[in-house]
Amino acid sequence: MEAARTPSPAPSPSATDSAEFIVSCLERLGVEYVFGIPGGAIEPLYDALARSERRGGPRAVVARHEVGAAYMADGYARQSGKLGVCIATSGPGATNLITGVACASDNRVPMLVITGQPPLHSFGRGALQESSCTGINTVAMMRHCARFSSLVSHPDQLGRKLFNALMAALRTPQGPAHLSIPVDLLRAPVTGGLELARIAALLAEPASLVDVAAVGRLHDALAQARRPVFVVGEGCGEAMAPLMRLVQLTGAEFITTPDGKGCINPRHPAYRGVIGFGGHASATALLRQSPDLIVAFGTSFGELASAGWSDTLLCERLIHVDANEEHLSRSPMARLHVRGRIAAVCETLVARRADAQGAAILPFGAARDELLDDARAFHSDAVPIKPQRLMKALADFCPPHTRFVADTGNSMIWAVHCLAPRDRRALAAPVAADQRRPRGSWLRVTMDFAPMGWAIGCAVGVASAQPGVPVVCITGDGSYLMSGQEITVAAELGLPVVYVILNDGALGMVKHGQRMADAETIGTELPHVDYALMARAMGIAGHVIHSADDLAALDWAALLSRHGPTLLDVRIDGEEVPPMRLRLRTLGSAQ
Ligand SMILES: Cc1ncc(C[n+]2csc(CCOP(=O)(O)OP(=O)(O)O)c2C)c(N)n1
Ligand SMILES: [Mg+2]
């Protein structure tokens, strides 16, 4: 994810107020949408956005809750490869953003967060929603969950602090950066410029940033390995072409982390499944067979991405490749760390390998079926529909270029375990929108921070970043009760998002967790709600689904291309046990 590399000429600083200046900088970075909710202290920025929209520049998208705005900015950044931007007023506007900002931080999503403040002269007097050190200090709160958080306290600071914030958001590891700007300063004339071209230059990653000596040692290790296994993490999006070529040249088998699954073709003959949360026994078995070399690319090795820090993975046979030093620090036992952009590392390895062995590549077997620990429910036509069967239907009915966003809860587990869309490269004539994007992923999940409801806003951001591409949001009834109101934003923007609610009348993941741990059954029941009816009350198409036949009866091509969202209230069999025992083991509560 990166900013546009070739910004247009700088705006004339003297001609604009600060708010106008910020919006014109965003425009030069290629940002199309600013997600947020207005309020008195941020009003000048909305004035500037109104003018901007009229001239075809960045436009405001108004969320229903600020956290939804942050999730939308997250989805927009992930899908577009650009900066996500969210804004809010001071006080509660800023605190409402915080969960989304923290989530973006844990998931390394580049984001600019701007919140307002009352006028500077009013600080310390009990001004409404004052949020500096003499109020409810949102600048300090954000500091704990963003890469950068600062109060702009003089007009001359704006250009410099915006530069600092953009650098903090866009350099590796990417993440959110927060600026808190008093309303009088948003109206003040800008007294300095902003060298956006300098940001692009500072962020450009020269080939020398790849650790060439370490890549050479990795090449040697691969040449000697008899049974190498690759681990593909979420950071591999832009590297898939050379990485898959490397798989072919080395004869490696590969597995993915849960958030890496969206980077790969899950029907690839050398693929052995997901390791970690919601993962597959086949991936665990592969590691247990003691491969002589494990090469992990672009993964954080957090709890969910490492099968609870499994010692079959985090061991002395491991080589860890990443541009992010914080990730490398999670694998101190590895025999080698290779720092650098994953695409560059893989391209170098491919070139060296091809030199050494000529164009000879190892043949693949046939494309495979879905990898499942238990295929029975996946093929079952029982009513109520099994969640596994729902995932099969989604893969069957959605075109291969569909983007899936799966929410925290059982949605993520079932999607990670069961969802396996057909390979879009098998299409005879893929349309332009089908092409793999540089940082493409067909399945987005949120790791580490993992808030419920994230996918509902995220899907709006994903859909607005790539118009014309179908988006499916898989979420739970609990998550929908928490953040479902953001569906009305998809309606307002006319986005073709299909919201699929796994309606089990429960906080299902917690319910199953309590059962597996033999703990008290408490706090997991949800009211029985007709979500399709609720959607229709908001002017949105809604359908109740009980069975695989109900899904087959839908006109999927129409659903996925219509102007506006559709809600599928899927009454699933909530008794199906999700593959999540690993999580309980790390919580120390597995029986
Ligand atoms: C904001 C937030 N609160 C609580 C949790 C803990 N939690 C994780 S999954 C889950 C249940 C989710 O229920 P639902 O959305 O209905 O999905 P299901 O697991 O039932 O499919 C809860 C409470 C969380 N991750 N995020
Ligand atoms: Mg539920």
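For residue 154, the accessible surface of its heavy atoms amounts to roughly 80 Å² (probe 1.4 Å, protein chains only, rounded to the nearest 10). For segment 218-345, a crude dipole built from +1 on the beta carbon of Lys and Arg and -1 on the beta carbon of Asp and Glu, taken about the Cα centre, is about 400 debye to the nearest 20. Amide H to amide H distances under 5 Å link residue 16 with 190, where only residues 5 or more positions off or on other chains count and H is placed in the peptide plane.
Note on segment 452-591: with charges restricted to the Cβ of Lys and Arg (+1) and Asp and Glu (-1), its dipole about the Cα centre is near 420 debye. Here the label points at residue 191 and residue 396, each 7 Å from Cα along the C-beta direction, are separated by 6.8 nm in the simple model.
Summing +1 for each Lys or Arg and -1 for each Asp or Glu among the other residues whose beta-carbon sits under 11 angstrom from that of residue 573 gives 0. Summed over the residues of the chain and divided among them, the accessible surface reaches 37 Å² per residue at a probe radius of 1.4 Å.
Roughly to the nearest percent, how much of the accessible area of the chain is carbon and sulfur, given a 1.4 Å probe? Exposed carbon and sulfur together represent 53 percent of the surface. When the charge dipole of the chain is built from unit charges on Cβ atoms (+1 for Lys and Arg, -1 for Asp and Glu) and taken about the Cα centre, the candidate among 222, 44, 420 whose Cα reaches farthest toward its positive end is 222. A cut-off under 12 angstrom between Cβ atoms defines the neighbours of residue 534, and their net charge, with Lys, Arg +1 and Asp, Glu -1, is -2. For segment 276-286, putting each phi into the Karplus relation 6.51 cos²θ - 1.76 cosθ + 1.60 with θ = phi - 60° gives couplings of x, 3, x, x, 10, 4, 5, 6, 4, 4, 4 Hz, in residue order, rounded to whole numbers and with x for Gly and Pro.
What ranking, highest mean first, results for peptides 191-199, 498-506, 318-326 when packing means the other Cβ atoms within 10 Å averaged over each residue?
Order by mean packing, descending: 498-506, 318-326, 191-199.
The residues 562, 143, sorted by heavy-atom accessible surface at 1.4 Å with ligands and nucleic acids left out, run 143, 562 from largest to smallest.
Applied to segment 297-306, the Karplus parametrisation 6.51 cos²θ - 1.76 cosθ + 1.60 on θ = phi - 60° returns per-residue 3J(HN,Hα) values of 10, x, 9, 7, 6, x, 3, 5, 8, 9 Hz, with x for Gly and Pro. Of the residues 291, 535, 142, the one whose Cα sits farthest toward the positive end of the charge dipole of the chain, with +1 on the Cβ of Lys and Arg and -1 on the Cβ of Asp and Glu, is 291.
By how many nm would the segment from residue 217 to residue 587 lengthen if fully extended, with 0.36 nm per residue of separation less the alpha-carbon distance?
Numbers: separation 370, 0.36 × 370 = 133.20 nm, distance 3.75 nm.
Fully extending the segment from residue 217 to residue 587 adds 129.4 nm.
Net length available on complete extension from residue 529 to residue 422 is 35.2 nm, with 0.36 nm assigned per residue and the Cα-Cα distance removed. Bridge orientation summary for the chain: considering DSSP beta bridges with both residues in this region, about 5 percent are antiparallel. One Cα centroid belongs to segment 80-96, the other to segment 179-236; the line between them spans 23 Å. Sequentially through segment 412-421, phi angles give Karplus couplings (6.51, -1.76, 1.60; θ = phi - 60°) of 5, 4, 5, 5, 5, 7, 10, 7, 8, x Hz, Gly and Pro residues having no value and appearing as x. Annotation for residue 16 and residue 316: the two label points, set 7 Å from Cα along the Cα-Cβ direction, are 5.8 nm apart. The charge dipole of the chain, taken about the Cα centre with unit charges on the Cβ atoms of Lys, Arg (+1) and Asp, Glu (-1), comes to about 1360 debye, rounded to the nearest 20. Counted by Cβ distance under 11 Å from residue 107, the other residues give a net charge of -2, where Lys and Arg count +1 and Asp and Glu count -1. Relative protection proxy for 525-536, 28-39, from highest mean packing down: 28-39, 525-536 (other beta-carbon atoms within 10 angstrom).
The values are calculated or read from the model by the stated rules, or taken from the named source; none is laboratory data. Note that the structure is a prediction, hence the values are computed from the model and not measured. As a convention, Cβ positions derive from the backbone with ideal geometry for all residues, glycine included, and neighbour counts pool all protein chains shown. Protein only, heavy atoms only, side chains kept; ligands, DNA and RNA dropped before computing areas. Shrake-Rupley method; radii C 1.70, N 1.55, O 1.52, S 1.80 Å.
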